[in-house]
Each structure stands twice: as C-alpha cells, then as structure tokens.
1. One-quarter of the Cα convex hull surface for segment 26-133, in nm²?
2. Taking H as built 1.01 Å from N, whose amide H comes closer than 5 Å to the amide H of residue 283, not counting residues under 5 places away?
3. Just want the ordering: 260, 27, 118, from fewest to most Cβ atoms lying within 10 Å of their own Cβ.
4. Residue-wise, which Karplus ³J(HN,Hα) couplings in Hz belong to segment 25-37, taking 6.51 cos²θ - 1.76 cosθ + 1.60, θ = phi - 60°, and x for glycine or proline?
5. Report the charge-dipole magnitude of segment 130-175 in Debye, nearest 20, computed about the Cα centre from +1 at each Lys and Arg Cβ and -1 at each Asp and Glu Cβ.
6. Find the centroid of the Cα atoms in segment 117-171 and in segment 315-332, then give the distance between the two in whole Å.
7. Under the definition of Cα pairs under 8 Å and six or more residues apart, what whole-number percent is the relative contact order of segment 98-220?
8. Consider all pairwise Cα distances in segment 88-200 and report the whole-number % of them above 19 Å.
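We did not get these values from a lab; they are worked out from the coordinates using the rules stated. Not measured: the values here are computed from a predicted model. Cβ: placed from backbone, ideal geometry, glycine included. Neighbour counts: every protein chain shown.
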Amino acid sequence: MPRATAGKWVAAGDVVPLVRTETDVVVIGAGQAGLSAAYFLRRSGLEFVVLDRDSSPGGAWQHRWPSLRLDKVHKFHDLPGMAFDEQDEHRKASEVVAEYFARYERAFELPVRRPVEVVAVRDAGERLLVESAGGDSWAARAVINATGTWTRPFWPHYPGQETFTGRQLHTADYRSAEEFRGHHVLVVGGGTSGVQLLIEIAEFASGTTWVTRRPPVFKDVEFSPELGREAVAQVERRVRAGLPPGSVVSVTGLMRTPQVREAEARGILDRKPMFDHLTPTGVVWPDGTEQHVDAILWATGFRAALDHLAPLHLRESGGGIRMEGTRAAAEPRLHLVGYGPSASTIGANRAGRAAVHEIRRLLAAPEVAAAS
C-alpha cells in the first residue's frame, strides 16, 4: 500500500498538518486516458493513485453542453475491460458517459481521489513530487499525466475585443441554443464543434454569421480508420519534434454529414473570412463595413492543460513537449496520455496501455500477462 508521512505547512499563521504519500505511480486526471491507464496499472501490481480535480466521475464529458446527445458524438470507444453499452442515442452525452465512468471506477476498484487539484510536478531526486492545491503531496517513481484540454479553452485576441458590449462565450461555456433566441450570433472557428453549435444556434437566433481563419474543407466521405491513422501520424510527427499537437480537423477536414448538407442548403454554413476588429456593437470587416452582432461564440478550441508541469522545464523552443511515444523525451518518468496523437477515445486507451508497459520496464516490475 502507498506509504504516508505527516508534515507541517504554515499559512497565515496557522499550522496545518499535511500528508506526503509515497507510491509507485500517480495518475493525474480521471477521464478516458486516466481511467485507461489506471486499468492497466491495476493489472500490473504497481501501487498507484488517481488524482482528479472534479468532484464526481465523468472527466470532461460531464461538462459538455446539455444538447450534445450520443447520436451527435463521434464514435465513443469502450474503456478497456468494460463495454459502453448505452442503447439510447438521444440521451445527453454528459450524463451517459459520466454514469459509465462511475461504473468503471467501481467495477475495477480504482483508487481515485477527488477533488484534488494538482498545481505542480517537481523533480525531487529519485522521485517526482506531485503537489496539490490543498497542500498534500505524492512522491512517485513515475507519473502519468492525463489532464486533457477542457480546462484550457483558447481565446484568441482581436483588436477592440474588450470594448464589445454584447455577450462573449467559449464553447466550454455553451449550454443551450435557446439562450440566443432573437439575437444575431457570430460563431468563430472552423472545427467540428463550431459547425455543430452554429447549426443549433441558427434554429433560434435572428441571424448567424460564421467566420474562420482558413476556408473550411468539407469531405464527402465517412471518417475512416485510414483517415484517422493519417491524422494521428501527423500529430505524432509534431510532438516528436517538440511542437504543439495541432488540430485533427486540419488533417481530416469536416465530414459532410446529412445535417451539414441540410445546413449548407439553408445557407447557414456561408463562411466568411475573419473580421478586422470589434466595436462595442459588432465587428468591422476588412473593407471597412460594420455588422451588428449581439453575441460571439468563440469555438476556437482548447490547449493542453499542462501548466502544472512547468517546474520540470520540458517545453521546447517550438512551444510543445518533445515526446517519444507516450514518454516525455526529457523526463522518462513522465508519460503524457490523451495528449497529441492519443487525444481521442481509442487513442487514449492505447496510450494508457503503452505508458504502463513503459513504466513497468522503467521500474523493473515483474512482467504480467498481456492485458486485453
């Protein structure tokens, strides 16, 4: 079992008892990637703990907008060892996936501690020290980081943005298209979420405008394993070079689904290039004309939530963390899953297994039967 030792922390004149726990592996995050890694750690015999900042199971899925139903989700892959057998495709994805994750944690008796917000991972000599906002820490022989991106929404800056008096929100803040009833909404972003939310909002808004930095590329083919492998390979080349992972849509393009075809026919997906700047009441186009806008939805994606790894100084000059498989090239005790090429449900499963295999070798743990 993990071994805990008491410590002291002085804050604002008060002495607060803290705990430093020694264990083999700390997993940070209990989403798809973190639970996959935990499954294989459970089978490995290594001591481990999973630290999750949320107060309940579900990872980022529990925070998705209520209108996101299962039938609108790209294929959701099973976690290892337990099938995702929900049959009602019209249920909220946030509820169904959270229920599935909770069952999974119970079924495999995974040692998840929550809510625990990790604020730093430091090199403590023979071990990595994982520090929490509450003051407790874990000294681990290896760390698997599975923090995803949902907590790091990306907000680009445009001139005049701070003067706009209408509503501005990010995809992470979106709840319902009905909130925009009677308003003209500007949707910024050329990803799948931007297209999906634009179509939803158009049902209630008085008007919509869609802008992207680059012309969107729609493909009249279904998403295939070959297309997925091509996207993963390109992202993997980037992280091996120490560059940020980049967008999968930039490789795969947007799928022209029946819903997209209908929206095109109705003129909803009439994309415009980016505006020049914002005013208190709207945007100004490059030709100087101004358009009134009531609200702006920034569907501009997310960045990897890796700020707590800053004390390890892993960032390359290109802005990313150079990777070798799931392992950080500059710190072999640290593995990143759900990052770069493994940032998908099926990719996260494979990455969890690969990370545990590498850690077993690193720690010279006994080999176990191959996990299914």
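1. 7.5
2. 291, 293
3. 260, 118, 27
4. With coefficients 6.51, -1.76 and 1.60, one gets 9, 10, 9, 9, x, 10, x, 4, 5, x, 5, 4, 4 Hz.
5. Dipole size: approximately 160 debye.
6. 17
7. 14
8. 68
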